[in-house]
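First up is the structure itself, then whatever we jot down about it.
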Amino acid sequence: MNIQGQAALVTGGGSGLGEATARELARLGAQVAVLDLNLENAQRVAAEIGGVACPCDVSNPESMQAAIDAAAAAHGPARILMQIAGIGSAKRVVGKDGNAAPLEDFARVINVNLIGTYNAARLFAAACAKLDPLEDGERGVMVLTASVAAFDGQVGQQAYSASKAGVVGMTLPMARDLAQHGIRVCTIAPGLFLTPLMKTLPEPVQASLAASIPFPPRLGKPEEFAQLAAHIVSNGHLNGETIRLDGALRMAPR
């Protein structure tokens with residue numbers, strides 16, 4: 001799909017990987033709706049790229065639908081979804097106090113990262129399936145976001161790893177399901193990236209993490225994630241695949 005002139009939705013677009021992706025799509029000529037729980041961040045990014053900001057909780061059906069509708073009112077129906085919104089978690093199954101981890105902590109991460117991703121995908125797909133087909137019968141593309149933790153999660157990452165493994169697990173069946181509607185589905189599984197959250201860590205910690213990456217031995221740049229996301233949109237034969245973007249990193253147990 002040619003990105004130029006297409007309407008795009010970017011969840012989590014107010015910061016980090018989402019912000020970089022919103023900026024890259026805008027640079028390539030897309031009309032970008034920046035969806036984020038933090039409306040102030042979304043408005044900042046949207047103002048700088050000439051897009052529109054929409055408050056959005058991906059795990060809430062009404063909130064997600066309202067954001068899709070608001071974006072469509074501004075730019076027309078979207079053919080591109082970048083589902084990047086998500087949260088992290090670190091909680092051992094049995095804590096130092098000997099007590100089991102609170103179940104609600106696990107459920108919260110699953111609800112945002114996995115159910116939220118499916119919620120965004122299903123609502124986008126339903127609207128996209130009604131559009132006229134483009135070249136090759138294509139109607140839309142969605143790029144989901146997993147993590148290398150889906151494959152080699154570390155100690156304490158049970159909830160996060162499970163949520164991201166779920167995203168990986170539904171990528172192929174969703175691509176097969178939506179093939180009849182001409183909608184492609186791919187997932188990116190990023191490794192260690194220099195996001196705002198990473199920047200809050202002390203410099204020596206950042207350096208240590210960067211050194212664990214085989215090559216290049218540095219943290220990933222959000223722009224590199226954005227470039228891959230945009231390439232998936234433009235490469236019509238990419239479908240049903242999860243792509244690791246990690247510099248050959250394999251996470252250690254801890």
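Looking only at segment 157-168, decide whether some residue is part of a loop (DSSP other than H, G, I, E, B) and modelled with pLDDT under 95. Talk me through it step by step, then tell me what you get.
Within segment 157-168, the first condition is being part of a loop (DSSP other than H, G, I, E, B), and the residues that meet it are 157.
From what's left, modelled with pLDDT under 95: 157.
Yes, some residue in segment 157-168 is part of a loop (DSSP other than H, G, I, E, B) and modelled with pLDDT under 95.
Scan segment 101-123 and report the pairs whose first residue is more than 13 Å from Ala159 (Cα to Cα) and whose second residue is of a type in the set (Asp, Glu) and crowded, with 17+ Cβ neighbours inside 10 Å, with Cβ atoms within less than 9 Å and a gap of 6+ or a chain change.
Pairs that qualify, where the first residue is more than 13 Å from Ala159 (Cα to Cα) and the partner is of a type in the set (Asp, Glu) and crowded, with 17+ Cβ neighbours inside 10 Å, are Gly116/Asp57.
Does segment 209-230 contain any residue that is closer than 19 Å to Leu172 by Cα, in contact (Cβ under 8 Å) with a residue 40 or more places away in the chain and outside any helix (DSSP H, G or I)?
Within segment 209-230, not a single residue is closer than 19 Å to Leu172 by Cα, in contact (Cβ under 8 Å) with a residue 40 or more places away in the chain and outside any helix (DSSP H, G or I).
Considering only segment 87-109, state which residues are modelled with pLDDT of 95 or more and buried (at least 18 other Cβ atoms within 10 Å of the Cβ).
Phe106, Val109
Could you say which residue among Phe124, Phe151 is surrounded by fewer than 20 Cβ atoms within 10 Å (Cβ to Cβ) and either modelled with pLDDT of 95 or more or in a helix (DSSP H, G or I) (or both)?
Working: Phe124 fails: surrounded by fewer than 20 Cβ atoms within 10 Å (Cβ to Cβ).
Only one candidate qualifies: Phe151.
Among Ala150, Ala125, Ala129, which is the only one that is within 18 Å of Ile188 (Cβ to Cβ), in contact with a helix residue (DSSP H, G or I) (Cβ under 7 Å, 6 or more places away or on another chain) and not polar (S, T, N, Q)? Full working, then the answer.
Working: Ala125 fails: within 18 Å of Ile188 (Cβ to Cβ); Ala129 fails: within 18 Å of Ile188 (Cβ to Cβ).
From the options Ala150, Ala125, Ala129, the qualifying one is Ala150.
With the structure loaded, tell me whether Asn119 is more than 16 Å from Leu178 (Cα to Cα), in a helix (DSSP H, G or I) and either out of contact with any Gly (no Cβ under 6 Å at 6 or more places or on another chain) or of a type in the set (S, T, N, Q) (or both) or whether it fails that test. Even if it seems obvious, please write down each step before you answer.
Numbers: more than 16 Å from Leu178 (Cα to Cα): no; in a helix (DSSP H, G or I): yes; either out of contact with any Gly (no Cβ under 6 Å at 6 or more places or on another chain) or of a type in the set (S, T, N, Q) (or both): yes.
Considered against the rule, which asks whether it is more than 16 Å from Leu178 (Cα to Cα), in a helix (DSSP H, G or I) and either out of contact with any Gly (no Cβ under 6 Å at 6 or more places or on another chain) or of a type in the set (S, T, N, Q) (or both), Asn119 comes out as no.
Go through segment 19-46 residue by residue and tally those that are more than 19 Å from Glu223 (Cα to Cα) and of a type outside the set (D, E, K, R). Full working, then the answer.
Narrowing segment 19-46 to residues more than 19 Å from Glu223 (Cα to Cα): 37-40, 43.
Okay, now just the ones that are also of a type outside the set (D, E, K, R), so 37-39, 43.
Summing the residues that are more than 19 Å from Glu223 (Cα to Cα) and of a type outside the set (D, E, K, R) in segment 19-46 gives 4.
State the number of residues belonging to segment 79-116 that are in a helix (DSSP H, G or I) and among the basic types (Lys, Arg).
Initial filter on segment 79-116 (in a helix (DSSP H, G or I)): 103-116.
Next, only the ones that are among the basic types (Lys, Arg) stay: 108.
Total satisfying the criteria: 1.
Taking the condition among the β-branched types (Val, Ile, Thr), surrounded by 17 or more Cβ atoms within 10 Å (Cβ to Cβ) and part of a helix (DSSP H, G or I), does Val143 pass?
On the way: among the β-branched types (Val, Ile, Thr): yes; surrounded by 17 or more Cβ atoms within 10 Å (Cβ to Cβ): yes; part of a helix (DSSP H, G or I): no.
No.
Given the options Val233, Val185, name the one that is at pLDDT 95 or above, assigned to a helix (DSSP H, G or I) and within 20 Å of the chain's Cα centre (by Cα).
Details: Val185 fails: assigned to a helix (DSSP H, G or I).
Exactly one residue qualifies, and that residue is Val233.
Residues checked against (1) surrounded by fewer than 24 Cβ atoms within 10 Å (Cβ to Cβ); (2) part of a helix (DSSP H, G or I); (3) aromatic (Phe, Trp, Tyr); (4) at pLDDT below 95:
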position	(1), (2), (3), (4)
Ile3	yes, no, no, no
Gly13	no, no, no, no
Glu19	no, yes, no, no
Arg23	yes, yes, no, no
Ala26	yes, yes, no, no
Val34	no, no, no, no
Glu40	yes, yes, no, no
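Would you be able to say whether some residue in segment 58-75 is more than 17 Å from the chain's Cα centre (by Cα), buried (at least 24 other Cβ atoms within 10 Å of the Cβ), in a helix (DSSP H, G or I) and modelled with pLDDT of 95 or more?
So far as segment 58-75 goes, yes, one or more of its residues are more than 17 Å from the chain's Cα centre (by Cα), buried (at least 24 other Cβ atoms within 10 Å of the Cβ), in a helix (DSSP H, G or I) and modelled with pLDDT of 95 or more.
The values are calculated or read from the model by the stated rules, or taken from the named source; none is laboratory data. Only a predicted model underlies this, so the values are computations on that prediction, with no experimental measurement involved. Cβ: placed from backbone, ideal geometry, glycine included. Neighbour counts: every protein chain shown.
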